[in-house]
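Asker: First the structure, then my questions, so here it is.
The values are calculated or read from the model by the stated rules, or taken from the named source; none is laboratory data. Quick caveat, the model's predicted, so the values are computed rather than measured. Every residue, glycine as well, gets a Cβ built from its backbone with ideal geometry; the counts of neighbours run over all protein chains shown. What goes into the accessible areas is simple: the full protein's heavy atoms, side chains included, and nothing from ligands, DNA or RNA. Shrake-Rupley method; radii C 1.70, N 1.55, O 1.52, S 1.80 Å.
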Amino acid sequence: MMTLSLTLNNADVLRPDGMHRGALSIEGGVIVEDSAGRHVDLSGFRVMPGIVDIHGDGFERHLAPRRGAMTDLAVGLASTEADLAANGITTAVLAQFWSWEGGMRGPAFAKRFLAALAGFRSMGTDMRVQLRLETHLLADYPEVEQIVADYGIGYVVFNDHLPHAALDKGKRPPRLTGQALKSGRSPEAHLKLLHRLHEQGAEVPKALAGLATRLRARGVLLGSHDDQTATARDTWRAMGVTLSEFPETQEAAQAATDAGDPVILGAPNVVRGGSHSGNVSAAALIADGIGDALASDYHYPALRQAALTLGAWGLVSSGPARVLGLTDRGELSPGKRADLVVLDGDGRVGATIAGGRVTYLAGEVAARFLA
């Protein structure tokens, strides 16, 4: 697919050292120093580094808008890419569960999704995978390791969503019937599975430490999800699980930061003014100097909104790129990948360019490009 040779003139361009009015040129899929190709006047617009979404599951609504309705996942991936591009996202880490929850979060769907993404030809957006593994699925560890190797998955996050408190008390967990229906099990069979997984909890730490060691040896980035205490973060760090994704408390987030562990926060938390589930405020953590990157979580527009609200575009560009080890992107500098988003005065996306290819173009910016 051809890349653009283009010079954007008279825009306010966010460079690594701040905003500067001037020209930005791209050629061969990268940012170049010298003027290149045709010129486009973007007076009145801002050119920002393309957004790097380090964790998002908003793609689920495109792949399965209704249970069992989507048979060709490539169609859903095309719709996902359109959504990403319309929100200025040039690199997207799609967070796919490998869970006992079933449905779109079950192993069978995960394998379908990975195969579809491997065969998908994007318009330019770099769409990657984060595998979210439920820690108590011990019998699945060998298959997960093989899947990681087969698909070159570079990022794995460990989750534990089992309703341990209810199971300990012998109570019926919430949402049991709905989960059972999604998984294709009867409520009784689903409850039996939950109890079996819960009861093998004592085996998890040793098995998980071994899995983490083997994945790290492959160069896989490892993260924990929803840390609640400093002790929990210390335990994860001892296993080489260095990313703290969506810590639920100030204590856990501070412990991660003090130890140099990257902290990933939810952009929707910032936009809403707090967590929808009563956890620590992402904006408050950022004000305290905690947080290396914002993630879309479940809502792609929240990344742009949160970055503009905080006046901290680096939390959605250079920050997540650095955490992921993607040294070729995240800022508008010569030699970097030509990933950028054009914003109007109201912060709306007029154009998204990923790897030197237009993935979104609309409104007045489109008129300028086509003039």
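Asker: In this structure, does Ala95 turn out to be among the small types (Gly, Ala, Ser), closer than 24 Å to Leu303 by Cα and crowded, with 22+ Cβ neighbours inside 10 Å?
Answerer: Values: among the small types (Gly, Ala, Ser): yes; closer than 24 Å to Leu303 by Cα: yes; crowded, with 22+ Cβ neighbours inside 10 Å: yes.
Criteria met by Ala95.
Asker: Which ranges mark the strands (runs of 3 or more DSSP E) fully within segment 221-309 that have 2 or more residues being open to solvent by less than 20 Å² (accessible area, probe 1.4 Å) and hydrophobic (A, V, I, L, M, F, W, C)?
Answerer: On the way: elements: 221-225, 243-245, 263-266, 293-295.
In segment 221-309, the matching strands (runs of 3 or more DSSP E) lie at 263-266, 293-295.
Asker: Right, another one. Taking segment 193-217, which residues are charged (D, E, K, R) and over 21 Å from the mean Cα position of the chain (by Cα)? Walk me through it before giving the result.
Answerer: Step one: filter segment 193-217 for residues charged (D, E, K, R), giving 196, 199, 203, 206, 214, 216.
Matches in segment 193-217: Arg196, Glu199, Glu203, Lys206, Arg214.
Asker: Another question about this same structure. In segment 320-350, what count of residues is obtained for those that are out of contact with any Asp or Glu (no Cβ under 6 Å at 6 or more places or on another chain) and not in a loop (DSSP other than H, G, I, E, B)?
Answerer: Total satisfying the criteria: 9.
Asker: Of all residues in segment 87-101, which are under 16 Å from Arg61 (Cα atoms) and more than 16 Å from the chain's Cα centre (by Cα)?
Answerer: Hits for segment 87-101: nothing passes.
Asker: Could we say that His190 is over 28 Å from the mean Cα position of the chain (by Cα) and open to solvent by less than 10 Å² (accessible area, probe 1.4 Å) here? Spell out how you get there, then give the answer.
Answerer: Details: over 28 Å from the mean Cα position of the chain (by Cα): yes; open to solvent by less than 10 Å² (accessible area, probe 1.4 Å): yes.
Yes, satisfied.
Asker: Within 22 Å of Ala165 (Cβ to Cβ) and touching a residue at least 24 places away in the same chain (Cβ under 8 Å), is that true of Ala252? Steps first, answer last, please.
Answerer: Values: within 22 Å of Ala165 (Cβ to Cβ): yes; touching a residue at least 24 places away in the same chain (Cβ under 8 Å): yes.
Spelling it out, Ala252 is indeed within 22 Å of Ala165 (Cβ to Cβ) and touching a residue at least 24 places away in the same chain (Cβ under 8 Å).
Asker: Separate question: Name the residue that is surrounded by the fewest Cβ atoms within 10 Å (Cβ to Cβ), counting only residues in segment 157-175 that are under 27 Å from the mean Cα position of the chain (by Cα) and among the charged types (D, E, K, R).
Answerer: The selected residue is Arg175.
Asker: Out of (1) open to solvent by 40 Å² or more (accessible area, probe 1.4 Å); (2) farther than 28 Å from Ala306 by Cβ; (3) within 20 Å of the chain's Cα centre (by Cα), the odd one out for Leu73 is which?
Answerer: It fails just one condition, (1).
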